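Notes for the one structure printed next.
The values are calculated or read from the model by the stated rules, or taken from the named source; none is laboratory data. Here the structure is a predicted model, which is why all the values come from computation and not from measurement. Please note: Cβ atoms are built from the backbone with ideal geometry, for glycine as well, and neighbour counts cover all protein chains shown. Surface areas here come from the heavy atoms of the whole protein model, side chains and all, with no ligands, DNA or RNA. Shrake-Rupley method; radii C 1.70, N 1.55, O 1.52, S 1.80 Å.
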Protein chains: 2
Amino acid sequence: MTQSREEDRRGRSAAAAIVDAAFRLFHEFGYDETSVDDIAAAAGVSRSSFFRLFGSKEMVIFPEHDAILAAVEERLAASTQKSAILAVSDAVRVVLFHYIAEGPHARRRYQLTSTVPALRERELISGARYQQLFRQYISAWGDGSEESERRAELMAAAVVASHNHVLRRWLREECEDPHLEIDEAMAQVNALFAPDPVAAPRAIVVVRTDQDLDAVAEQLRSL
Amino acid sequence: MTQSREEDRRGRSAAAAIVDAAFRLFHEFGYDETSVDDIAAAAGVSRSSFFRLFGSKEMVIFPEHDAILAAVEERLAASTQKSAILAVSDAVRVVLFHYIAEGPHARRRYQLTSTVPALRERELISGARYQQLFRQYISAWGDGSEESERRAELMAAAVVASHNHVLRRWLREECEDPHLEIDEAMAQVNALFAPDPVAAPRAIVVVRTDQDLDAVAEQLRSL
DNA sequence: CAATGGATGATACTCAGTTTCATGACGGAG
DNA sequence: CTCCGTCATGAAACTGAGTATCATCCATTG
């Protein structure tokens with residue numbers, strides 16, 4: 001199962017060497033100007049090994065994406081309708097803190113995704129995958145009505161957008177305490193989309209609004 | 001400026017012939033199994049002309065995207081802070097009704113984007129471009145505060161998600177009246193994100209919530 | 001020592017996309 | 001009518017990503 005000490009070490013260092021070489025070359029010469037052959041040569045592996053390990057040139061930048069997605073799904077799958085909002089918030093935190101744990105590497109990646117359209121697009125697709133996953137689970141927790149589906153769609157979008165906002169702030173070093181900010185952001189989303197509790201405690205909430213009464217009524221119906 | 005009758009006709013029919021041939025071949029043999037050479041040959045043009053007219057294989061599916069994006073931007077640019085929400089709603093309608101006006105062709109495209117990962121990804125990227133555009137304008141209408149930025153991000157995501165929801169329902173023919181549904185969806189978004197009016201009419205809104213009082217307090221502060 | 005299996009590397013191939021150059025049709029100017 | 005500039009088209013060569021195949025090497029196992 002686990003291979004010999006020697007092979008294991010080499011396997012890991014090969015992947016690490018490729019990532020290091022790729023980021024170095026991308027930084028020095030640019031993404032488009034760096035070919036896979038260049039990376040493989042600089043990392044001391046064959047072109048074949050590059051594609052065997054990473055599948056594509058873009059995936060050198062996001063190698064752990066599938067693992068994070070799986071972790072998110074695991075968290076979501078381990079929850080029920082009752083703990084739905086908590087599950088989503090937790091899952092978002094899983095993603096955010098994964099990036100934060102990467103530290104400077106995440107910022108180097110951001111520097112690339114900010115400047116290389118192809119990588120920015122790849123990142124957007126990753127985000128959409130999270131959103132799709134969230135939507136799917138939130139939708140399953142609902143009652144299947146059109147209303148519920150629409151809410152699931154909006155909530156998934158809001159959750160991902162909030163996450164991206166906090167993550168981007170952290171990547172730009174505009175963010176003092178990402179824990180605090182993600183808590184606030186999730187609280188904001190939860191507040192917006194809090195479901196109708198069947199027998200929950202009630203409160204009188206007074207807010208100012210510029211909506212006319214009909215719009216307010218419709219909004220309330222949609223809660 | 002306008003070319004001769006002959007060239008004009010041929011130019012337009014070339015693009016149309018390519019699109020027709022592409023959709024036909026994609027449907028018959030699949031997207032990945034159809035090469036650009038196949039399409040060009042079937043359309044009776046050269047490979048060169050294909051790339052000159054469409055730029056990439058994927059763009060045969062979304063040739064009008066740039067034009068729609070420009071139309072959206074035009075609508076957004078023509079508005080001020082006062083008419084912001086209206087502008088966003090209008091811009092979303094521009095997009096939705098463009099697709100609806102395509103009729104069966106939009107549904108053929110949907111059939112492709114639903115089954116071909118590369119095309120689905122391209123579509124996601126297009127959606128993200130709209131979202132980015134909305135975010136940019138909504139953000140500019142705000143006061144530049146962190147709060148305002150976060151709201152812009154969420155609102156753009158919600159607007160695009162709502163649009164996508166209605167569009168997808170229409171594409172699946174689950175939607176009786178897209179005009180009505182987009183109006184409802186935009187009303188829902190507007191209601192969620194209605195800005196804090198400085199001197200707006202006020203109302204007492206009573207909602208049930210499962211939040212404890214501290215969470216409610218924080219939610220209210222974040223409005 | 002021999003056999004097996006998994007990881008690696010070399011090579012050739014397909015195809016998307018770019019670049020360059022030739023051609024040919026058209027319209028205007030003499 | 002002819003010459004000329006322009007623009008659309010086509011032809012061909014090239015780069016580079018990604019795939020498939022096969023040979024090789026090395027560590028474990030019997």
Return the long-range amide H neighbours of B:Ser46 (sequence gap of 5 or more, or a different chain), with a cut-off of under 5 Å between placed amide H atoms.
none
Under 29 Å between alpha carbons, and skipping anything fewer than 8 positions from A:Lys57 in its own chain: which lysines qualify?
B:Lys57
Measuring nothing but label to label, 7 Å from Cα along Cα→Cβ, what are A:Ser49's distances to the other copies in nm, shortest first?
4.9
Just counting partner chain Cβ atoms within 10 Å, what average do the residues of peptide B:118-127 show around their Cβ?
3
Select the chain A residue whose beta carbon lies nearest to the rotation axis carrying chain A onto chain B, and write the distance in whole Å.
A:Ala157, 2
Per residue of A:182-193, count partner chain C-beta atoms within 10 Å of its C-beta, then hand back the mean as an integer.
4
Would you report the distance distribution of C-alpha pairs in the range A:62-193 as whole percents per 10 angstrom bin, up to the bin with the largest distance?
12, 44, 33, 10, 1
Förster-model FRET efficiency, 45 Å R0, A:Phe97 and B:Ala106, C-beta, rounded to 0.05:
0.65
If you roll a 1.4 Å probe over the heavy atoms of the protein chains, what accessible area per residue do you get for the range B:62-193, in Å²?
43
Can you run phi through the Karplus equation (6.51, -1.76, 1.60; θ = phi - 60°) for the range A:160-174 and list ³J(HN,Hα) in whole Hz, with x for Gly and Pro?
5, 4, 5, 4, 4, 4, 5, 4, 5, 4, 5, 4, 7, 6, 9
10 Å Cβ neighbours from other chains, averaged over peptide A:166-173:
1
Asked for the total accessible area buried by B and A (1.4 Å probe, Å², nearest 100), one would answer 4700
Residue-wise, which Karplus ³J(HN,Hα) couplings in Hz belong to the range B:51-57, taking 6.51 cos²θ - 1.76 cosθ + 1.60, θ = phi - 60°, and x for glycine or proline?
5, 5, 7, 10, x, 7, 4
Of the heavy-atom accessible surface of the range B:23-119 (probe 1.4 angstrom), what whole percent is carbon and sulfur?
55
Ordering A:His165, A:His27, A:His179 by accessible area with a probe of 1.4 Å, largest first, what comes out?
A:His27, A:His179, A:His165
For B:Asp177, what charge total do you get from the other residues with a beta carbon under 12 Å from its beta carbon, if Lys and Arg give +1 and Asp and Glu give -1?
-4
Taking A:Glu102 in one copy and the same position in all the others, each labelled 7 Å out along Cα→Cβ, what are the pairwise distances from the first, in nm, shortest first?
3.3
List the distances, in nm to one decimal, from the label point of A:Gly144 to the label points of the same position in every other copy, shortest first, placing each label point 7 Å from Cα along the Cα-to-Cβ direction.
5.2
